[in-house]
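What follows is a set of notes on a single structure, which appears directly below.
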Amino acid sequence: MDFMAGNNHSHFQHLYFVLTGIPGLEQKYYWMAFPLGATYVIALLGNAVITSTIKSELSLHIPMYYFLSMLALADMGLALCTMPSVLGIFWFNYRSIAFDACLVQMYFIHTFSAIESGVLVAMAFDRVVAIWNPLRYGTILTSGVVCRTGAVILTRAVCVVFPVPFLIKRLPFYRSNLLSHSFCLHQDVMRLACASTRVNSLYGLVAVIFTKGCDSLSILFSYVFILRTVMAIAAGQGRLKALNTCVSHICAVLIFYVPLIGVSVTHRFGKHLSPLTHALMANAYLLVPPVLNPIVYAVKTKEIRRKLIEMFVQTKITAGG
């Protein structure tokens, strides 16, 4: 087993970690490689269409769609973080990742995840303002406010996750170097350490509470306020119209938080579960949002839907020619 030696075990670290694909299905990687590659193409292309459509369509130059473009960029970041190691395993059976490269990947995965969580909160606030005081929507959520909100979301994510790789770097690793997933997650790398990880666990808990915990509560309170506001609307048709504007965001929240809760529960309480379950939950956590979010917003936004149809037709014409 490769490792770097120091004066004693407290300085030992592996040169690399070994990634795991989907346990028990190794013989079928060849058949899974192309669907998996297509999944990444859909995620990157779908989110790229969202950002380009919002940029080109003047009718979409409003806060709701500015926040949607931030969500699309975060989804693209998540997909790009995991794509090299995942496709490396399934396409080329290349399972090694250098220690420092693993830390870099871990940092960006958790950073983009925190960004996405923050953007979902901003989108919830956008819906609150649009339903509570629609006449002042444009004056409350100005371009300056949207830009500052985006800067705060980015800064919070970068700063909160920044200590994580350094907390891992200080730990000794001289036993197993086999990870449970196709990419590097903090909990997965931390469990291989050969020293106390109390500081890492405590900081990880604080970071999750400060980001995902506070964000999920903020979204919940936002929708409680939205429901109270909507119930005060006299006309039933007006209530349905107001709630209909929230459907896409509710779907995006569920798409993000359900896999997140699932992978957190399996890591914390599912030690008796099979490695296959852990692998599938982790892949769902990072792959489902980038793939499904563009589909949800394409269904609900005619400009994005039209752009996707145009691209599909152009592709068929090019292939036919």
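The values are calculated or read from the model by the stated rules, or taken from the named source; none is laboratory data. Remember, it's a predicted structure, so these values are computed and weren't measured experimentally. Positions of Cβ are backbone-derived with ideal geometry, glycine not excepted, and every protein chain shown enters the neighbour counts. The protein model used for the area step is the full one, side chains on, heavy atoms only, and it has no ligands, DNA or RNA in it. Shrake-Rupley method; radii C 1.70, N 1.55, O 1.52, S 1.80 Å.
Brief remarks on what is shown
- Between segment 52-95 and segment 298-313, the Cα center-to-center distance that results, in Å: 17
- Helical content alone sets the calculated 222 nm signal of the chain at -24500 deg cm²/dmol, taking -39,500 (n - 2.57) per DSSP H segment of four or more residues and averaging over every residue.
- Cysteines in the chain that lack a partner Cβ within the 4.7 Å cut-off: 81, 147, 159, 194, 214, 246, 251.
- Under 14 Å from the residue 48 label point (7 Å along Cα→beta-carbon), backbone N, segment 269-311: 308, 311
- Heavy-atom surface of the chain, accessible at 1.4 Å and reported per residue (Å²): 52
- Model label sites at residue 58 and residue 80, defined 7 Å from Cα along the beta-carbon direction, differ in position by 3.0 nm.
- Per-residue HN-Hα couplings for segment 151-158 [Karplus 6.51, -1.76, 1.60; θ = phi - 60°; Hz; x = Gly/Pro]: 5, 5, 4, 5, 5, 4, 4, 4
- FRET efficiency for the residue 170 to residue 91 pair, using the beta carbon distance and R₀ = 41 Å, is estimated at 0.75.
- The lysines within cross-link reach of residue 55, meaning a Cα-to-Cα straight distance under 18 Å and a gap of 8 or more places when in the same chain, are 300, 302, 307.
- Under 5 Å between amide hydrogens, built in the peptide plane, is the criterion, and for residue 16 it picks out 99 among residues at least 5 positions away or on other chains.
- Using a probe radius of 1.4 angstrom, the carbon and sulfur fraction of the accessible surface of segment 13-95 is 71%.
- A simple charge model with +1 on the Cβ of Lys and Arg, -1 on the Cβ of Asp and Glu and nothing else charged puts the dipole of the chain at about 580 debye relative to its Cα centre.
- Gain on full stretching of the segment that runs from residue 198 to residue 311 - 0.36 nm per residue minus C-alpha separation: 35.6 nm
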